[in-house]
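Just below is one structure, and these are the notes that go with it.
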Amino acid sequence: MDSPLMKLLHLDSSIQGDASASRHLSAAVVDRLQALHPALDIAYRDLAADPLPHIVPAGFATPEAAALLDQFLAADILVIGAPMYNFGLPSQLKAWFDHILVAGRTFRYTEAGAEGLAGGKRAIVALSRGGFYSEGHPGAAFEHAQSHIGGMLGFIGIQPEFVVAEGVAFGPEQRAAAIAAAEAHIATLEPVALRTAA
Ligand SMILES: Cc1cc2nc3c(=O)[nH]c(=O)nc-3n(C[C@H](O)[C@H](O)[C@H](O)COP(=O)(O)O)c2cc1C
């Protein structure tokens, strides 16, 4: 059964506008999920065009920070377009995560260790990178975008699914093949199970 209230939060963070592979792929993920769940309530933020400030202690107490966290907590589905910049994620996207990983709201420390409090969400990250960093490639040790995003989401209780286009800087043929492979992956994305935990 589908819920008419299922909320999707869509973020992009590439600075490359219409030429962006991650924007193209994150939009394709949203299209796929919308085809599976026509009643989705979709919110969108372009973190490159509409960036967040770096966090400072007082920054957590602003109305904008509170609204951002509430928007995230209310979402059932998170779709993130993430380019690799300098082996990691864009600072604009990191600033968003810095507002979301908040002790007492999305994680807490217990005597048994850290516990994620934001479980029950589906997260799909569309990631593009110029070179090759997947397992077995010599560059794998320099992959700090997928691992960092996956680590941050995992820390707050969310196990993301990654759709990756890599080697997009290795000529137009490789770029087209990488994007086609990612699109084929997107076409297999399963419907979203209803939220089981708050
Ligand atoms: C500022 C900048 C830094 C980049 N750094 C890397 C990098 O460290 N490794 C890499 O493989 N590609 C790098 N690239 C290439 C991008 O990862 C590639 O163009 C990717 O498609 C970007 O995503 P987008 O198309 O959504 O903008 C960089 C591109 C830019 C603009």
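Observations, loosely collected:
- Any hit, segment 45-60, residues being out of contact with any Pro (no Cβ under 8 Å at 6 or more places or on another chain), in a helix (DSSP H, G or I), without any contact (Cβ under 8 Å) to a residue 40 or more places away in the chain and farther than 30 Å from A169 by Cα: yes
- Take the conditions (1) in contact with a Lys or Arg (Cβ under 6 Å, 6 or more places away or on another chain); (2) among the aliphatic types (A, V, I, L, M); (3) not in a helix (DSSP H, G or I); V125 misses just one of them, which is (1).
- Any chance S14 is in contact with a Pro (Cβ under 8 Å, 6 or more places away or on another chain), outside any loop (DSSP other than H, G, I, E, B) and touching a residue at least 12 places away in the same chain (Cβ under 8 Å): no
- Exactly one residue out of A49, A112 is among the aliphatic types (A, V, I, L, M) and either away from the ligand (no atom under 16 Å from the Cβ) or buried (at least 18 other Cβ atoms within 10 Å of the Cβ) (or both), and it is A112.
- Segment 17-31, residues that are in contact with a helix residue (DSSP H, G or I) (Cβ under 8 Å, 6 or more places away or on another chain) and either open to solvent by less than 70 Å² (accessible area, probe 1.4 Å) or in a loop (DSSP other than H, G, I, E, B) (or both): G17, A21, R23, L25, A28, V29
- Which listed residue, of A67, A35, A39, is assigned to a helix (DSSP H, G or I) and farther than 21 Å from I100 by Cβ: A35
- Annotation: A169 fulfils all but one of (1) free of Cβ contacts under 8 Å to residues at least 12 places away in the same chain; (2) within 12 Å of the ligand (Cβ to nearest atom); (3) open to solvent by 40 Å² or more (accessible area, probe 1.4 Å); the unmet one is (1).
- Residue check: A82 meets all listed conditions (1) open to solvent by 70 Å² or more (accessible area, probe 1.4 Å); (2) closer than 19 Å to I149 by Cα but one, namely (1).
- For segment 143-198, the set of residues classified as among the basic types (K, R) and in a loop (DSSP other than H, G, I, E, B) consists of R195 only.
- Looking only at segment 74-98, residues that are away from the ligand (no atom under 16 Å from the Cβ) and either over 14 Å from the mean Cα position of the chain (by Cα) or not in a helix (DSSP H, G or I) (or both) come to 5 in all.
- Within segment 131-153, the set of residues being loosely packed, with under 13 Cβ neighbours inside 10 Å and either charged (D, E, K, R) or closer than 19 Å to A178 by Cα (or both) comprises E135, G136, P138, A140.
The values are calculated or read from the model by the stated rules, or taken from the named source; none is laboratory data. Owing to the predicted nature of the structure, the values given are computational and were not obtained by experimental measurement. All Cβ positions, even for glycine, are placed from backbone atoms using ideal geometry, and neighbour counts span all protein chains on display. Accessible surface is based on the protein model in full, side chains and every heavy atom, while ligands, DNA and RNA are left aside. Shrake-Rupley method; radii C 1.70, N 1.55, O 1.52, S 1.80 Å.
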